[in-house]
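Student: Take a look at this one; I'll ask things after.
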Amino acid sequence: MPSSLRPYKGIYPTRANNVYVDDSAVLIGDILLEDDASIWPLVAARGDVNHIRIGARTNVQDGSVLHVTRKSAETPNGHPLIIGDDVTIGHKAMLHGCQVGNRVLVGMGAILLDGAVIEDDVIIGAGSLVPPGKRLASGYLYVGSPVKQARPLSDKERAFLPASADNYVRLKNEYLAEQ
């Protein structure tokens, strides 16, 4: 097991097929990476007090931080971090105990907090803040701190979401070929 994949209480991160994890990234504990996911330099992800699931063809870019919230009397299930398929998480984003649907772009430096739910086909602008418990409806661009619904996505933007994920699948395949 590479040193970038570390156990917590005996549970190691698990990878499906054709997953890329950069050597400088650190993934700890109960983390599942689905097929063709990619984790880029300096990503920190801790599945220690709850679990993290990263969907197929999802990319988590440089310097992003992924974490969870423990189970408690107030929140019996805590807040795991669930990220869908074909998601692009921009550089230095922070995702904490939230749910992200499929075909979502999380802009650079965005922050998504506990209990937030991001539906499918959403773009979150760079530097935006998604407050705890906020739901972002499918098909829109959201910007600001806190985020506000800016406008519906164009057809071109909707087509870009899976294309962005596909670009990262190709890039990670190039990296894997050099290992």
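The values are calculated or read from the model by the stated rules, or taken from the named source; none is laboratory data. None of the values given here were measured: they were computed from a predicted structure. Cβ placement follows ideal geometry from the backbone for every residue including glycine, while neighbour counts extend to all protein chains displayed. For the accessible areas, the whole protein counts, side chains as well, though only heavy atoms, and no ligand, DNA or RNA atoms are used. Shrake-Rupley method; radii C 1.70, N 1.55, O 1.52, S 1.80 Å.
Student: Go through TYR140, TYR168 for me and flag whichever is out of contact with any Gly (no Cβ under 9 Å at 6 or more places or on another chain), modelled with pLDDT of 95 or more, farther than 30 Å from ASN17 by Cβ and surrounded by 12 or more Cβ atoms within 10 Å (Cβ to Cβ).
Tutor: Answer to the selection: TYR140.
Student: In addition: With the condition kept exactly as written, say whether any residue in the stretch 29-52 is under 24 Å from GLN149 (Cα atoms) and either touching a Ser or Thr at 6+ places or on another chain (Cβ under 9 Å) or hydrophobic (A, V, I, L, M, F, W, C) (or both).
Tutor: No, the stretch 29-52 has no match at all.
Student: If you don't mind, another one. Could you run through the stretch 1-47 and say how many residues are closer than 24 Å to ASN173 by Cβ, assigned to a loop (DSSP other than H, G, I, E, B) and among the small types (Gly, Ala, Ser)?
Tutor: So the answer is 6.
Student: Follow-up question, since we're still on this one. Within the stretch 55-62, identify whether any single residue is hydrophobic (A, V, I, L, M, F, W, C), closer than 20 Å to SER138 by Cα, modelled with pLDDT of 95 or more and surrounded by fewer than 22 Cβ atoms within 10 Å (Cβ to Cβ), and answer yes or no.
Tutor: Yes: the stretch 55-62 contains one or more residues that are hydrophobic (A, V, I, L, M, F, W, C), closer than 20 Å to SER138 by Cα, modelled with pLDDT of 95 or more and surrounded by fewer than 22 Cβ atoms within 10 Å (Cβ to Cβ).
Student: In the stretch 21-45, how many residues are open to solvent by 10 Å² or more (accessible area, probe 1.4 Å) and in contact with a helix residue (DSSP H, G or I) (Cβ under 6 Å, 6 or more places away or on another chain)?
Tutor: 1
Student: So ASN173 passes all but one of these: (1) surrounded by 19 or more Cβ atoms within 10 Å (Cβ to Cβ); (2) touching a residue at least 60 places away in the same chain (Cβ under 8 Å). Which condition number does it fail?
Tutor: Here ASN173 meets the rest and fails (1).
Student: Moving to a separate point now. Check ASP114, ASP121, ASP86 and return the single one that is acidic (Asp, Glu), modelled with pLDDT of 95 or more and open to solvent by 30 Å² or more (accessible area, probe 1.4 Å).
Tutor: Of the residues listed, the single one that is acidic (Asp, Glu), modelled with pLDDT of 95 or more and open to solvent by 30 Å² or more (accessible area, probe 1.4 Å) is ASP114.
Student: Looking at the stretch 137-155, which of its residues are in contact with a Lys or Arg (Cβ under 8 Å, 6 or more places away or on another chain), part of a strand (DSSP E or B) and under 16 Å from LEU113 (Cβ atoms)?
Tutor: TYR142
Results for (1) in a loop (DSSP other than H, G, I, E, B); (2) more than 21 Å from ARG6 (Cβ to Cβ); (3) free of Cβ contacts under 8 Å to residues at least 60 places away in the same chain, shown as yes or no for each residue.
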residue	(1), (2), (3)
VAL49	no, no, yes
ILE52	no, no, yes
LEU66	no, no, yes
SER72	yes, yes, yes
ASN102	yes, yes, yes
LEU105	no, yes, yes
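Student: Looking only at residues that are in contact (Cβ under 8 Å) with a residue 40 or more places away in the chain and open to solvent by less than 70 Å² (accessible area, probe 1.4 Å) in the stretch 153-165, which one is nearest to the chain's Cα centre (by Cα)?
Tutor: ALA165
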